[in-house]
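A short write-up of the structure that comes next.
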Amino acid sequence: MTIPTSIMSEQPPTATATAWSAVLFDLDGTITDSAPGITQSLATALAEIGHPVDDPDSLTVHVGPPLHETLRSFGLTDDETEAAVVAYRAHADFTDLHGNAVFPGVLGLLHSLREAGVPVALATSKPTGRATRILEHFGLLPYFTVVGGSPDSGANATKADVIRWVREQLELKGIGTDRLVMVGDRGHDVLGAEENDVPSIIVEWGYGSPVEAVGAMAVVHSTDQLRGLLLP
């Protein structure tokens with residue numbers, strides 16, 4: 001699958017002698033606490049197509065995976081799924097920014113990685129344009145050498161697709177990809193990384209369950225602990 005070109009910084013940082021040549025981050029549940037906005041948008045979209053949800057808070061377990069995959073899990077038809085995607089994205093234009101916040105410690109971690117010369121990239125299931133807008137809104141965009149997400153056209157892309165595309169873009173910028181690591185919070189982050197022969201680290205502050213960390217290289221409970229793995 002072709003992933004669209006994203007906004008990338010002009011000059012990639014030069015990696016120092018660290019354990020990793022570049023670090024890939026998930027967005028929802030890893031960098032930003034986006035569950036309030038996502039569950040609100042999802043509940044609104046489902047209600048608009050005739051599938052109201054009694055408790056929007058119960059939708060938190062659906063934060064992270066690709067939107068089409070999430071909607072199909074409700075047993076929607078293909079037509080209902082596409083209608084829900086349109087409704088969701090119309091509502092998410094607001095909640096992406098105003099039902100969202102950066103997790104404590106993340107900004108400091110990104111700064112530490114930049115100071116150490118370790119390139120950072122985003123690998124999210126969110127559409128690339130929306131992910132870029134969120135990073136820009138929170139002042140995080142300058143920390144990312146590559147921003148990779150699902151196609152803005154609405155086409156499907158798995159996490160493995162996104163990671164593969166991000167790796168290609170890093171290589172085009174002259175950044176080594178022999179020692180990549182993926183940081184995320186859900187099982188699809190682990191599986192997508194595995195399909196690309198990339199080790200993964202799961203963060204406990206996200207929205208996944210313990211079983212989703214199976215196959216991950218490590219599980220961390222704080223940004224300080226994560227810093228210790230990324231910058232040993």
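The values are calculated or read from the model by the stated rules, or taken from the named source; none is laboratory data. Note that the structure is a prediction, hence the values are computed from the model and not measured. Methodologically, a virtual Cβ is constructed for each residue, glycine included, from the backbone with ideal geometry; neighbour enumeration extends over all protein chains shown. Just so you know, the surface numbers come from the protein's heavy atoms only, side chains and all, with ligands and any DNA or RNA stripped out. Shrake-Rupley method; radii C 1.70, N 1.55, O 1.52, S 1.80 Å.
Overview of results
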{"quantity": "Filtered residues of region 26-84 (kept if surrounded by fewer than 18 Cβ atoms within 10 Å (Cβ to Cβ), assigned to a loop (DSSP other than H, G, I, E, B) and charged (D, E, K, R))", "calculated": "ASP54, ASP55"}
{"quantity": "Count of residues meeting criterion [over 18 Å from VAL85 (Cβ atoms) and not in a loop (DSSP other than H, G, I, E, B)] in region 135-158", "calculated": "9"}
{"quantity": "Filtered residues of region 92-115 (kept if surrounded by 18 or more Cβ atoms within 10 Å (Cβ to Cβ) and under 19 Å from SER153 (Cβ atoms))", "calculated": "ALA92, ASP96"}
{"quantity": "Answer residue from region 107-140, given it is among the small types (Gly, Ala, Ser) and out of contact with any Leu (no Cβ under 7 Å at 6 or more places or on another chain) and is farthest from ALA35 (Cα to Cα) among those", "calculated": "GLY117"}
{"quantity": "Residues of region 174-186 satisfying the condition of being open to solvent by less than 10 Å² (accessible area, probe 1.4 Å) and of a type outside the set (Asp, Glu)", "calculated": "LEU180, VAL181, MET182, VAL183, GLY184"}
{"quantity": "Residue satisfying condition, being closer than 13 Å to THR124 by Cβ and open to solvent by less than 10 Å² (accessible area, probe 1.4 Å), within set ASP189, ASP161", "calculated": "ASP189"}
{"quantity": "Filtered residues of region 137-154 (kept if touching a helix residue (DSSP H, G or I) at 6+ places or on another chain (Cβ under 9 Å) and surrounded by fewer than 19 Cβ atoms within 10 Å (Cβ to Cβ))", "calculated": "HIS137, PHE138, GLY139, LEU141, PRO142, PRO151, ASP152, GLY154"}
{"quantity": "Residues located in region 195-226, provided they are open to solvent by 30 Å² or more (accessible area, probe 1.4 Å) and not in a loop (DSSP other than H, G, I, E, B)", "calculated": "GLU195, PRO210, VAL211, GLU212, VAL219, ASP224, GLN225"}
{"quantity": "Condition broken by SER125, with the remaining ones in (1) under 20 Å from GLY187 (Cα atoms); (2) exposed (fewer than 15 other Cβ atoms within 10 Å of the Cβ); (3) touching a Ser or Thr at 6+ places or on another chain (Cβ under 7 Å) satisfied", "calculated": "(2)"}
